[in-house]
Amino acid sequence: AQEFGIQDALTALGIKDINEGTSTGSKSFSSGEIIESISPVDGVLIAKVKTTTKTDYEKVMDTATSAFNAWRTKPAPQRGEIVRQFGNKLRELKEPLGKLVSYEMGKSYQEGLGEVQEMIDICDFAVGLSRQLHGLTMHSERPGHRMYEQYHPLGPVGIISAFNFPVAVWAWNTALAWVCGDVCIWKPSEKTPLCGIACQNIAAAVFKDNNLPEGISCLINGDYKVGEFMSHDGRIPLVSATGSIRMGKIVAQAVAARLGKSLLELGGNNAIIVTPDADIKMTVIGAVFGAVGTAGQRCTSTRRLIIHESIYDKVKEAVTTAYKQLRIGNPLDEKNHVGPLIDTDAVKNYEQALKKVVEEGGKVIVEGGVLEGKGFESGCYVKPAIAEAENSYDIVQHETFGPVLYLLKYSGDVENAIAIQNGVVQGLSSAIMTNNLREAERFLSAYGSDCGIANVNIGTSGAEIGGAFGGEKETGGGRESGSDAWKVYMRRQTNTINYTTELPLAQGIKFDL
Ligand code: NAD
């Protein structure tokens, strides 16, 4: 990987051989055990990170709490100016950061750059938003009274993120939370701690240049136990957690037990419906990118293709032919389509899924397998696979975080396809490929897709920052990024002002003294 300039990227981002995993900005410290970041690209140790102990965490919380008291008094447009500068720093460091994302997580360099671009885009969005944190005004039923609502900063926001979007998810949360007047404490995935260190270094430099207090951007590192410091901490009014459904259920219960708020962005089981009126060429591009892009490790990756029986063989043939052209290898090399899985545990899950689908009666039509030999030393490279299956299979009902695509057949009306599409516990992303207006509108209607994202003639994978991102059912119900997702980072207050000398009560209630 060194031939792709990894060392220069690490230097540009301030990554050392051993890094302090706890930081309140320019101050870094840590007294916990060490985690090693091993690249799935070549199996080489990139660097080490010292994790956060409870004592370290308490120091972070003290600093974050006092930083919040200062930061919330700064006018929102001035907070936006800081986020604008942060976005500009990301523009300067887009290439090294994109490279680190690719090398530490394993996604293609192009996707690594795309992730940093998403961070830049959400900063731009947040800057505009900093002048638009609007509340409504209402007409009071009482004479001489005025009613309105305003949004105030909420407090320290805890962010727990997954390995597969090791930088963008943090930015989706922080860019909005910062303009809303909150401070942030971030626990990145223990599988991608260096991406966390790099982002924190970039943010810390901006806050320091502006003489702002320590604690507006905080970083903690470690496994689930460090995440639990935050989910159980009553000083954190909002925990934003991205990851598996299993994790979301544990975090949500801990936060709910103290009546805090959680914003959950959990697993998906995304499907594309292919109707008789679909454009097959577009379907193949959308389905193949959706299933094998990021080696099937996106929350929005396409897991199921629900194909009408009349075109089933044609679509099957076109997709399997496309799979033959896929090049698997080092994701920093732009010639390759598919990089590695995050680690060998992920490889085991992928192998088990392929075994299980056969046990349940499915048929593998594009064989999987783990690649060995030169260039595949990390043991994390696998072949994207396709199996014919039934939606009711247990394995199809679960999200396997890897490049396994299930082909499912439907007959009759599009309603039957929608029922299959909705017949899983997850509800993140969904798509229909059709040139038939009636089918498209039915898919988008109140009795159509039950997902947070529903697309027509676009695959399931990826999203723009302008829309609210998230899913229903066991995906957790949270919304991040665009539209009015900012509201979760603020507390809403309704204000009624009486400018008369009388004190009338609401609902005409009389209380004469
Ligand atoms: P994971 O659930 O294993 O870990 C995610 C994060 O949660 C990590 O930082 C981990 O340390 C932390 N964590 C785990 N258990 C915890 C606990 N009990 N308390 C507090 N923190 C805890 O997920 P992963 O393997 O890193 O990521 C893959 C999963 O994330 C997939 O299911 C994918 O669909 C999902 N994901 C969802 C979205 C979305 O926006 N919906 C985005 C990206 C990833």
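Every number in this text was worked out from the coordinates using simple rules, so none of it is lab data. Here the structure is a predicted model, which is why all the values come from computation and not from measurement. Please note: Cβ atoms are built from the backbone with ideal geometry, for glycine as well, and neighbour counts cover all protein chains shown.
The table below lists the values:
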{"quantity": "Nearby aspartates and glutamates by direct alpha-carbon distance to Lys324 (threshold 13 angstrom, same-chain neighbours under 8 apart not counted)", "calculated": "Glu367"}
{"quantity": "Per-peptide average of other Cβ atoms within 10 Å, ordering 259-271, 277-289 highest first", "calculated": "259-271, 277-289"}
{"quantity": "D (Stokes-Einstein, µm²/s), Kirkwood Cα radius, the range 244-305, 1.306 mPa s at 10 °C", "calculated": "115 µm²/s"}
{"quantity": "Placed amide H near Leu154: partners under 5 Å, 5+ positions off or other chain", "calculated": "Asp182, Arg491"}
{"quantity": "Among 351-357, 436-442, 478-484, the order from most to least packed when residues are scored by Cβ within 10 Å on average", "calculated": "478-484, 351-357, 436-442"}
{"quantity": "Net +/- balance of residues flanking Gly5 in space, Cβ distance below 11 Å, scoring K and R +1, D and E -1", "calculated": "-2"}
{"quantity": "For the range 361-511: rounded, prolate or oblate by the Cα gyration tensor [a/c cutoff 1.5]", "calculated": "prolate"}
{"quantity": "The chain - convex hull of alpha carbons, volume per residue in Å³", "calculated": "168 Å³"}
{"quantity": "The chain - percent relative contact order, Cα under 8 Å, separation 6 or more", "calculated": "17 percent"}
{"quantity": "Segments 445-452, 169-176 sorted - mean Cβ within 10 Å per residue, highest first", "calculated": "169-176, 445-452"}
{"quantity": "Cross-link pairs beyond the 29 Å C-alpha cut-off, checked among Lys54/Lys107; Lys94/Lys191; Lys261/Lys348; Lys54/Lys487; Lys99/Lys409", "calculated": "Lys54/Lys107; Lys261/Lys348; Lys54/Lys487; Lys99/Lys409"}
